[in-house]
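The values are calculated or read from the model by the stated rules, or taken from the named source; none is laboratory data. If you're wondering where the values come from, they're calculated on a predicted model, not measured in any experiment. Note: ideal-geometry Cβ built from the backbone for every residue, glycine included; neighbour counts use all protein chains shown. In case anyone asks, the SASA skips ligands and DNA or RNA and just uses the protein heavy atoms, side chains included. Shrake-Rupley method; radii C 1.70, N 1.55, O 1.52, S 1.80 Å.
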Amino acid sequence: MIWLTWRQHRVQLLAGAGTLIVVIAFLIVTGIRMQSSFNDPGVAACLARNSSGCSELASSWSSQYSGYQFVIPFFLVLPGVVGVFWGGPLVARELEQGTHRMIWTQSVSRGRWLLTKLGFLAAGVIFGSILLTLVLEWWSGPLVAAAGNDRFMPGVF
């Protein structure tokens, strides 16, 4: 059952893993640069003290990385895109090609077929989502801190 699910959806899984690797590589490369420039000139230490003189330092740092603040809304759209390209074809391909009839005539019950198919693919999506969320949280940390820890600010939310 798992072998068949892998054979049917390997292109989707490999394309998703490749996209995830590219996105995480982008986040790590830009995040290391942001983190070092946030910590080196003392922006992080100044914001941690909550002194009023930090606003100019934080705004100069924010203006340097203001382009990255608007990458964050891309990650709001990403789950919908994953759902369209993974969720739609998941069972539709089975029904279109008629492979569900072959599976249902075997010793595998319909419930077990659906549970295995959804469970295998859901495990991949959940693992990728957790990994992306952890890296994105680390990456957006300086942007949120420079915005005064206000996650509802446009470009940060």
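Taking the options Val82, Val77, name whichever one is without any contact (Cβ under 8 Å) to a residue 12 or more places away in the chain and either in a helix (DSSP H, G or I) or in contact with a Ser or Thr (Cβ under 9 Å, 6 or more places away or on another chain) (or both).
Answer to the selection: Val77.
For region 96-112, which positions are open to solvent by 100 Å² or more (accessible area, probe 1.4 Å) and either of a type in the set (A, V, I, L, M, F, W, C) or in contact (Cβ under 8 Å) with a residue 12 or more places away in the chain (or both)?
Passing the criteria: only Arg112.
Does Val71 satisfy being under 30 Å from Trp138 (Cβ atoms), surrounded by fewer than 15 Cβ atoms within 10 Å (Cβ to Cβ), β-branched (Val, Ile, Thr) and out of contact with any Gly (no Cβ under 7 Å at 6 or more places or on another chain)?
Numbers: under 30 Å from Trp138 (Cβ atoms): yes; surrounded by fewer than 15 Cβ atoms within 10 Å (Cβ to Cβ): no; β-branched (Val, Ile, Thr): yes; out of contact with any Gly (no Cβ under 7 Å at 6 or more places or on another chain): yes.
No, not satisfied.
Would you point out the residue of region 130-148, among those that are within 9 Å of the chain's Cα centre (by Cα), surrounded by fewer than 17 Cβ atoms within 10 Å (Cβ to Cβ) and not polar (S, T, N, Q), that is nearest to Ser63 (Cα to Cα)?
Leu134
In the set Ile28, Ile21, which member is within 22 Å of Phe85 (Cα to Cα), of a type in the set (Val, Ile, Thr) and open to solvent by 50 Å² or more (accessible area, probe 1.4 Å)?
Details: Ile28 fails: within 22 Å of Phe85 (Cα to Cα).
Selected residue: Ile21, the only one of Ile28, Ile21 that is within 22 Å of Phe85 (Cα to Cα), of a type in the set (Val, Ile, Thr) and open to solvent by 50 Å² or more (accessible area, probe 1.4 Å).
Sort out which residues of region 56-68 are open to solvent by 60 Å² or more (accessible area, probe 1.4 Å) and closer than 24 Å to Ile28 by Cβ, and write them in order of number.
Going through region 56-68, the residues open to solvent by 60 Å² or more (accessible area, probe 1.4 Å) turn out to be 56-57, 59-60, 63-64.
Hits for region 56-68 are Ser63, Gln64.
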